[in-house]
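For reference, the structure is listed below as structure tokens.
Nothing in this text is a laboratory measurement; each read-out follows from the coordinates by a stated rule. Keep in mind that what you see is a predicted model, and the values were worked out from it rather than measured. Glycine also receives a Cβ, built like all others from the backbone with ideal geometry; neighbour counts cover every protein chain displayed.
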């Protein structure tokens, strides 16, 4: 019985030594990667060029200058809109520039 117990202890000793050597090797690899110069360098953020949208016939401020003393003339009404859920009444506004 004593011989069997000693044999089991001897069989388990190399396994734990191998497991410890694997964890130590992994820890060394992680620490080596952390001190590597390439991992410490930060990349320059990519620059994006932003161009304004240009739609044909889009005469909206600031591209449209109505001139001095211009007045905005608006007409507001309610209109019926037919939707799948039923008819609803919604506000509608029409505006244009006129000379003041």
Distance between modelled label sites at residue 89 and residue 41, nm, 7 Å Cα→Cβ extension: 7.0
Taking the beta-carbon count within 10 Å as an exposure proxy, list 99, 43 from fewest neighbours to most. 43, 99
Multiply the residue separation of residue 49 and residue 80 by 0.36 nm, subtract the distance between their alpha-carbon atoms, and state the gained length in nm to one decimal. 6.8 nm
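Quick check on the exposure proxy: order 51, 78 from fewest to most C-beta atoms within 10 angstrom.
51, 78
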